[in-house]
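S.K.: The structure is given below, and queries will be raised subsequently.
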Amino acid sequence: MKITKILCLTATAVLVTMHTRGEERAFDPVEYANPLIGTQSTYELSTGNTYPAIARPWGMNFWTPQTGKMGDGWTYTYSADKLRGFKQTHQPSPWINDYGQFAVMPEVGSPVFDEEKRASWFSHKAEVATPYYYRAYLADYDIVTEIAPTERAAIMRVTYPEAEQASFVVDAYDDGSYVKVLPEQNMVVGYTTKNNGGVPENFKNYFVMKFDRPFAYTSVVVNGEIKSGELVSQCNHAGAIVGFKTKRGEQLNVRIASSFISEEQAVENLKELGNDDFDAVKARGRKTWNDVLGKIEVKSQDIDHLRTFYSCLYRSVLFPRSFYEKNAQGEIVHYSPYNGEVLPGYMFTDTGFWDTFRCLFPLLNVMYPSMNEKMQAGLVNAYKESGFLPEWASPGHRDCMVGNNSASIVADAYLCGLKNYDAEKLWEAVVHGTKAVHPTVSSTGRLGYEYYNKLGYVPYDVKINENVARTLEYAYDDWCIYQFGKQLGKSKKELEPFRKRAFNYRNVFDKETNLMRGRLKNGEFQKPFSPLKWGDAFTEGNAWHYTWSVFHDPQGLIDLMGGKQVFNQMLDSVFNVPPLFDDSYYGAVIHEIREMQIMNMGNYAHGNQPVQHMIYLYGYSGEPWKTQYWIRQTMDRMYNANPDGYCGDEDNGQTSAWYVFSAMGFYPVCPGSGEYVLGAPRFDEMTLHLENGKNVSIKARNNEDENCYVKTLLLNGAPYTKNYVTRTDLMNGAQFVYDMASEPNKQRGTAESDAPYSFSKVKK
């Protein structure tokens with residue numbers, strides 16, 4: 001994309017100038033971020049499964065150009081040739097799909113509502129996509145459309161050609177919608193009920209649109225039929241078309257806002273735009289993004305690496321989305337996606353904790369803790385309103401994935417020092433979740449808890465799928481609850497069940513294969529057993545991937561395998577075995593399998609979450625140089641800032657946050673431990689501007705592409721050999737100085753004391 005490249009080159013020149021000449025220039029990281037990253041995806045093969053999210057960080061509403069059909073989860077694909085409209089979206093992933101969506105589309109000539117017929121050819125060469133601004137040229141209409149959003153509103157600017165009839169289509173989607181045209185106010189209002197589950201019966205997304213000129217033509221659409229001159233449509237699929245007579249180059253400005261609470265609140269949300277014109281709203285958005293992305297300042301002369309980093313950071317601060325609003329009295333309120341009531345306080349949604357507990361939320365705890373405090377307050381409200389903490393929310397509870405990883409989200413936040421919320425209520429919530437299952441959403445709570453709490457594992461033969469994955473994640477989650485409870489001052493008696501169950505991972509370890517394996521109710525291991533079989537006892541992975549899911553006790557896993565040498569050989573084997581697989585559980589090659597197969601890294605499946613921490617485990621077993629090598633390989637081979645920029649699903653910021661952490665040179669293998677396992681930094685110089693006013697400086701000398709190994713490391717001026725850094729060190733404002741080399745230093749990081757935290761090493 002030529003325009004984006006020009007912007008990026010300009011930004012690079014600025015940074016290089018700062019670096020080399022010491023001149024004061026504006027730091028403009030948002031211009032590196034490419035919203036089109038990951039959009040070259042298909043159902044069969046994901047390169048991100050993203051869409052260009054034009055938004056504010058953690059915004060309630062996103063806007064996106066729409067190439068896919070109404071209701072299609074693949075709302076924008078880079079290979080498409082036509083735009084059907086511009087959609088307000090709340091979609092976290094194509095698999096979960098969207099809710100509360102509606103679309104608009106400018107056109108000229110006889111009004112057309114049908115999405116196929118109104119679609120216009122467009123080109124990426126005439127497209128500009130930034131996090132705060134989008135522009136597209138609709139070739140069939142000779143129209144330029146621009147969008148600049150706030151958190152809950154947006155302004156659109158449409159540049160028309162000369163036309164006797166220039167139109168603006170409002171499509172409220174099917175499954176029940178309403179539109180009303182208000183000519184005397186130059187407004188269109190309405191609501192959509194479109195969703196894919198996870199909403200109460202009274203769910204609506206109310207929208208208001210304020211135009212900057214009178215309508216020359218009005219109509220509404222009733223189930224596809226255009227009714228000229230009518231003003232109201234309430235039906236399965238409602239819409240409206242308003243028209244104008246335009247001169248060439250004439251611009252129409254439309255101010256749009258929505259609310260999950262009411263039409264009146266949507267009007268209130270419209271005030272986010274103030275009296276600002278389009279360019280002022282756009283400038284505000286750019287500043288907001290620069291403020292958020294600029295918390296991590298990277299200096300490099302490699303534009304490709306800069307673009308990849310800031311594109312990943314952009315994706316890391318989109319979800320979870322704000323689901324709260326500010327009423328006329330200035331109070332924070334939200335429509336509850338759990339019980340349908342309008343209630344006080346924060347609410348966030350659109351995240352799957354199975355993905356994001358691993359490093360997305362830990363990134364918030366390092367760089368944006370004040371945001372996560374609001375999110376934790378939102379979790380308190382979710383529990384009060386539904387009786388459970390969500391595991392996958394969009395916007396309410398969704399039946400997706402496994403585990404009880406809300407425990408990790410809650411524990412890590414509190415253990416990182418976040419306090420401004422009701423932690424005792426969250427303690428009640430996490431304890432409740434260990435002995436309950438949501439009555440209608442089986443992935444919320446702990447499916448199979450009766451077996452797990454009695455036997456110490458979820459059996460393979462009790463018709464609970466992905467049982468080993470559940471066992472391993474429940475064990476880590478119990479450890480999280482144990483640590484959270486200790487910090488809250490709970491008694492040893494109250495905590496003992498969680499401490500004991502944190503070792504339940506041992507119950508599904510098979511010494512014969514040195515892998516995790518399904519276990520029958522009678523105690524025997526499943527037969528036959530294929531380590532290459534995806535699914536079955538595991539979740540979107542196989543035994544080679546899930547065996548390492550002992551986040552809180554790698555030393556315990558090392559001991560089970562028979563020591564560090566065997567452990568390292570098993571780690572090596574993940575990369576050395578061919579990308580063979582058994583897809584019989586699914587009956588077809590799912591996209592996660594294909595993404596592993598084609599990457600030429602053996603059975604390492606970075607495109608899915610279960611194995612993303614595995615590379616860092618060499619730091620526990622005395623061979624940290626292998627971590628350094630494979631981290632660099634993964635970053636350089638599997639990430640870029642192009643439409644095919646990911647090696648699998650991006651998944652609500654998790655895969656992006658992996659890159660952000662890894663580029664900084666450390667990673668939270670075990671959220672809740674207060675430690676981050678060291679890898680190797682990707683950039684010559686980085687500065688983390690922490691919210692407490694301290695800075696973390698990371699410098700890497702001789703950091704050429706071939707120099708992926710850490711020769712020496714100074715931490716705060718002193719030699720440092722440990723394979724981890726503590727949160728305390730980071731929050732106090734650490735200074736890292738690396739010397740990089742092309743050959744590994746096999747004497748550094750090998751001592752027992754250099755290994756990161758493991759629960760087995762802690763005295764009872």
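The values are calculated or read from the model by the stated rules, or taken from the named source; none is laboratory data. Given the structure is predicted, the values throughout are model-derived calculations rather than measurements. Reconstructed Cβ throughout: ideal geometry from the backbone, glycine too, with neighbour counts over all protein chains shown.
S.K.: Here's a check for you: in region 545-570, which residue that is within 25 Å of the chain's Cα centre (by Cα) and of a type in the set (A, V, I, L, M, F, W, C) is surrounded by the fewest Cβ atoms within 10 Å (Cβ to Cβ)? Give the derivation first.
M.R.: Residues of region 545-570 that are within 25 Å of the chain's Cα centre (by Cα), as a first pass: 545-552.
From what's left, of a type in the set (A, V, I, L, M, F, W, C): 548, 550-551.
Values: W548: 24, V550: 28, F551: 27.
Here the residue is W548.
S.K.: Return the residues of region 344-370 that are surrounded by fewer than 24 Cβ atoms within 10 Å (Cβ to Cβ) and touching a helix residue (DSSP H, G or I) at 6+ places or on another chain (Cβ under 7 Å); say none if nothing qualifies.
M.R.: Of everything in region 344-370, those that are surrounded by fewer than 24 Cβ atoms within 10 Å (Cβ to Cβ) and touching a helix residue (DSSP H, G or I) at 6+ places or on another chain (Cβ under 7 Å) turn out to be G345, Y346, N365.
S.K.: Let me ask you something else. Of the residues G285, G274, only one is among the small types (G, A, S), under 30 Å from P344 (Cβ atoms) and surrounded by 19 or more Cβ atoms within 10 Å (Cβ to Cβ); which?
M.R.: Values: G274 fails: surrounded by 19 or more Cβ atoms within 10 Å (Cβ to Cβ).
Step by step, each of G285, G274 is checked, and only G285 is among the small types (G, A, S), under 30 Å from P344 (Cβ atoms) and surrounded by 19 or more Cβ atoms within 10 Å (Cβ to Cβ).
S.K.: Select from region 646-690 the residues that are hydroxyl-bearing (S, T, Y), buried (at least 24 other Cβ atoms within 10 Å of the Cβ) and part of a strand (DSSP E or B) and list them in ascending order.
M.R.: Residues satisfying the conditions are Y667, Y676.
S.K.: Which of (1) of a type in the set (A, V, I, L, M, F, W, C); (2) in contact with a strand residue (DSSP E or B) (Cβ under 6 Å, 6 or more places away or on another chain); (3) under 21 Å from D175 (Cα atoms) is the odd one out, the single condition V108 does not satisfy?
M.R.: Unmet for V108, out of (1) of a type in the set (A, V, I, L, M, F, W, C); (2) in contact with a strand residue (DSSP E or B) (Cβ under 6 Å, 6 or more places away or on another chain); (3) under 21 Å from D175 (Cα atoms): (3).
S.K.: Which residue pairs have Cβ atoms closer than 6 Å, lie 6 or more positions apart in sequence or on different chains, and pair a first residue in region 459-475 that is small (G, A, S) with a second residue that is part of a helix (DSSP H, G or I) and modelled with pLDDT of 95 or more?
M.R.: Matching pairs, first to second residue: A469/Y546; A475/N504; A475/Y505.
S.K.: Which of the residues that make up region 382-430 are touching a strand residue (DSSP E or B) at 6+ places or on another chain (Cβ under 7 Å) and within 12 Å of T349 (Cα to Cα)?
M.R.: P390, W392, A393, S394, P395, R398
S.K.: Which is of a type in the set (F, W, Y) and over 30 Å from D729 (Cα atoms), of Y421, Y449, Y414?
M.R.: Details: Y421 fails: over 30 Å from D729 (Cα atoms); Y414 fails: over 30 Å from D729 (Cα atoms).
One residue alone meets the criteria, Y449.
S.K.: Looking only at residues that are surrounded by fewer than 17 Cβ atoms within 10 Å (Cβ to Cβ) and either touching a helix residue (DSSP H, G or I) at 6+ places or on another chain (Cβ under 9 Å) or polar (S, T, N, Q) (or both) in region 165-185, which one is farthest from A216 (Cα to Cα)?
M.R.: By that ranking, first place goes to Q185.
S.K.: Hey, another quick one. Within region 196-232, track down each residue that is surrounded by 14 or more Cβ atoms within 10 Å (Cβ to Cβ), among the hydroxyl-bearing types (S, T, Y) and in contact with a Ser or Thr (Cβ under 7 Å, 6 or more places away or on another chain).
M.R.: Y206, S219
S.K.: Here is a further query. On the basis of being of a type outside the set (K, R) and surrounded by 24 or more Cβ atoms within 10 Å (Cβ to Cβ), does F525 make the cut?
M.R.: Values: of a type outside the set (K, R): yes; surrounded by 24 or more Cβ atoms within 10 Å (Cβ to Cβ): no.
When the stated conditions are applied, F525 does not pass them.
S.K.: From the list D572, D583, exactly one residue is among the acidic types (D, E), under 16 Å from L45 (Cα atoms) and touching a residue at least 12 places away in the same chain (Cβ under 8 Å). Which is it?
M.R.: Numbers: D572 fails: under 16 Å from L45 (Cα atoms).
Selected residue: D583, the only one of D572, D583 that is among the acidic types (D, E), under 16 Å from L45 (Cα atoms) and touching a residue at least 12 places away in the same chain (Cβ under 8 Å).
S.K.: Could I ask something else about it? Condition check: within 21 Å of G403 (Cβ to Cβ), part of a helix (DSSP H, G or I), among the charged types (D, E, K, R) and out of contact with any Pro (no Cβ under 7 Å at 6 or more places or on another chain). Does D478 satisfy that?
M.R.: Details: within 21 Å of G403 (Cβ to Cβ): yes; part of a helix (DSSP H, G or I): yes; among the charged types (D, E, K, R): yes; out of contact with any Pro (no Cβ under 7 Å at 6 or more places or on another chain): yes.
Considered against the rule, which asks whether it is within 21 Å of G403 (Cβ to Cβ), part of a helix (DSSP H, G or I), among the charged types (D, E, K, R) and out of contact with any Pro (no Cβ under 7 Å at 6 or more places or on another chain), D478 comes out as yes.
S.K.: Also, I was wondering about something else. Kindly indicate which of R255, R284 is assigned by TED's automatic domain parsing to the domain that holds N61 and in contact with a Leu (Cβ under 7 Å, 6 or more places away or on another chain).
M.R.: Answer to the check: R255.
S.K.: Now for a different question. Right, A103: crowded, with 22+ Cβ neighbours inside 10 Å, modelled with pLDDT of 95 or more and closer than 21 Å to N205 by Cβ or not?
M.R.: Numbers: crowded, with 22+ Cβ neighbours inside 10 Å: yes; modelled with pLDDT of 95 or more: yes; closer than 21 Å to N205 by Cβ: yes.
When the stated conditions are applied, A103 passes them.
S.K.: For region 482-530, give me each residue that is under 17 Å from K763 (Cα atoms) and outside any helix (DSSP H, G or I).
M.R.: If the condition is that a residue be under 17 Å from K763 (Cα atoms) and outside any helix (DSSP H, G or I), then S491, A502, F503 are the ones that fit.
S.K.: Here's a follow-up. On the basis of being more than 16 Å from the chain's Cα centre (by Cα), in contact (Cβ under 8 Å) with a residue 40 or more places away in the chain and surrounded by fewer than 23 Cβ atoms within 10 Å (Cβ to Cβ), does E373 make the cut?
M.R.: Yes; evaluated as a whole, the condition is true for this residue.
S.K.: Taking region 59-84 on its own, how many of its residues are assigned to a loop (DSSP other than H, G, I, E, B), under 27 Å from G285 (Cα atoms) and of a type in the set (A, V, I, L, M, F, W, C)? Outline the logic, then answer.
M.R.: First pass over region 59-84, keeping only residues assigned to a loop (DSSP other than H, G, I, E, B): 59-61, 67-81, 84.
Among the residues that remain, those that are also under 27 Å from G285 (Cα atoms) are: 59-61, 67-68, 73-78, 84.
Cutting the leftovers down to of a type in the set (A, V, I, L, M, F, W, C) gives us 60, 74.
Residues that pass the stated criteria total 2.
S.K.: Determine whether region 408-421 contains at least one residue that is farther than 18 Å from P337 by Cβ and of a type in the set (K, R).
M.R.: Among the residues of region 408-421, at least one is farther than 18 Å from P337 by Cβ and of a type in the set (K, R), which makes the answer yes.
S.K.: Being more than 26 Å from the chain's Cα centre (by Cα), surrounded by fewer than 22 Cβ atoms within 10 Å (Cβ to Cβ), free of Cβ contacts under 8 Å to residues at least 60 places away in the same chain and assigned by TED's automatic domain parsing to the domain that holds T193, is that true of even one residue in region 78-98?
M.R.: Yes, region 78-98 contains a residue that is more than 26 Å from the chain's Cα centre (by Cα), surrounded by fewer than 22 Cβ atoms within 10 Å (Cβ to Cβ), free of Cβ contacts under 8 Å to residues at least 60 places away in the same chain and assigned by TED's automatic domain parsing to the domain that holds T193.
Conditions (1) outside any loop (DSSP other than H, G, I, E, B); (2) surrounded by fewer than 17 Cβ atoms within 10 Å (Cβ to Cβ), marked per residue:
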position: E704; (1), (2): no, yes
position: D729; (1), (2): yes, no
position: G733; (1), (2): no, yes
position: Y738; (1), (2): yes, no
position: R748; (1), (2): no, no
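S.K.: Identify, please: which residue in region 432-452 is farther than 24 Å from D355 by Cβ and either of a type in the set (F, W, Y) or touching a helix residue (DSSP H, G or I) at 6+ places or on another chain (Cβ under 7 Å) (or both) and is, among those, surrounded by the most Cβ atoms within 10 Å (Cβ to Cβ)? Reasoning before the result, please.
M.R.: Within region 432-452, the first condition is being farther than 24 Å from D355 by Cβ, and the residues that meet it are 435, 439, 450-451.
Next, only the ones that are either of a type in the set (F, W, Y) or touching a helix residue (DSSP H, G or I) at 6+ places or on another chain (Cβ under 7 Å) (or both) stay: 435, 451.
Numbers: K435: 12, Y451: 18.
Per the stated criteria, the residue is Y451.
S.K.: To continue, here is another question. With respect to Y99, is the statement that it is more than 24 Å from D174 (Cβ to Cβ), among the aromatic types (F, W, Y) and assigned to a loop (DSSP other than H, G, I, E, B) true?
M.R.: Working: more than 24 Å from D174 (Cβ to Cβ): no; among the aromatic types (F, W, Y): yes; assigned to a loop (DSSP other than H, G, I, E, B): yes.
No; evaluated as a whole, the condition is false for this residue.
S.K.: Kindly provide the set of residues from region 442-499 that are touching a strand residue (DSSP E or B) at 6+ places or on another chain (Cβ under 7 Å) and within 16 Å of F759 (Cα to Cα), ordered by number.
M.R.: Matches in region 442-499: L472 only.
S.K.: Tally up the residues in region 317-346 that are small (G, A, S), in contact (Cβ under 8 Å) with a residue 60 or more places away in the chain and part of a loop (DSSP other than H, G, I, E, B), please. Give the derivation first.
M.R.: Of region 317-346, the ones small (G, A, S) are 322, 328, 330, 336, 340, 345.
Right, trim to in contact (Cβ under 8 Å) with a residue 60 or more places away in the chain and you get 322, 328, 336, 340.
Among the residues that remain, those that are also part of a loop (DSSP other than H, G, I, E, B) are: 328, 336, 340.
Selection size over region 317-346: 3.
S.K.: Test of understanding: among N652, N600, which residue is under 30 Å from K699 (Cα atoms) and not aliphatic (A, V, I, L, M)? Break it down stepwise before answering.
M.R.: On the way: N600 fails: under 30 Å from K699 (Cα atoms).
Selected residue: N652, the only one of N652, N600 that is under 30 Å from K699 (Cα atoms) and not aliphatic (A, V, I, L, M).
S.K.: Whether any residue in region 257-268 is closer than 22 Å to E115 by Cβ, assigned to a strand (DSSP E or B) and not β-branched (V, I, T) is what I want to check. Spell out the reasoning first.
M.R.: So the first thing to find is which residues in region 257-268 are closer than 22 Å to E115 by Cβ, and the list is 258.
After this cut, where a residue has to be assigned to a strand (DSSP E or B) as well, the list is 258.
Okay, now just the ones that are also not β-branched (V, I, T), so 258.
The answer is yes, given that some residue of region 257-268 is closer than 22 Å to E115 by Cβ, assigned to a strand (DSSP E or B) and not β-branched (V, I, T).
S.K.: Condition check: closer than 29 Å to H397 by Cα, outside any loop (DSSP other than H, G, I, E, B) and not charged (D, E, K, R). Does V298 satisfy that?
M.R.: no
S.K.: In region 602-621, what count of residues is obtained for those that are surrounded by 20 or more Cβ atoms within 10 Å (Cβ to Cβ), part of a loop (DSSP other than H, G, I, E, B) and not hydroxyl-bearing (S, T, Y)? Explain how you work it out, then say what you get.
M.R.: Taking region 602-621 as the starting set, the residues that turn out to be surrounded by 20 or more Cβ atoms within 10 Å (Cβ to Cβ) are 603-621.
Filter once more, keeping what is part of a loop (DSSP other than H, G, I, E, B): 603-608, 612-613, 621.
Add one more test, that the residue is not hydroxyl-bearing (S, T, Y), and what stays is 603, 605-608, 612-613.
Looking only at that region, the number is 7.
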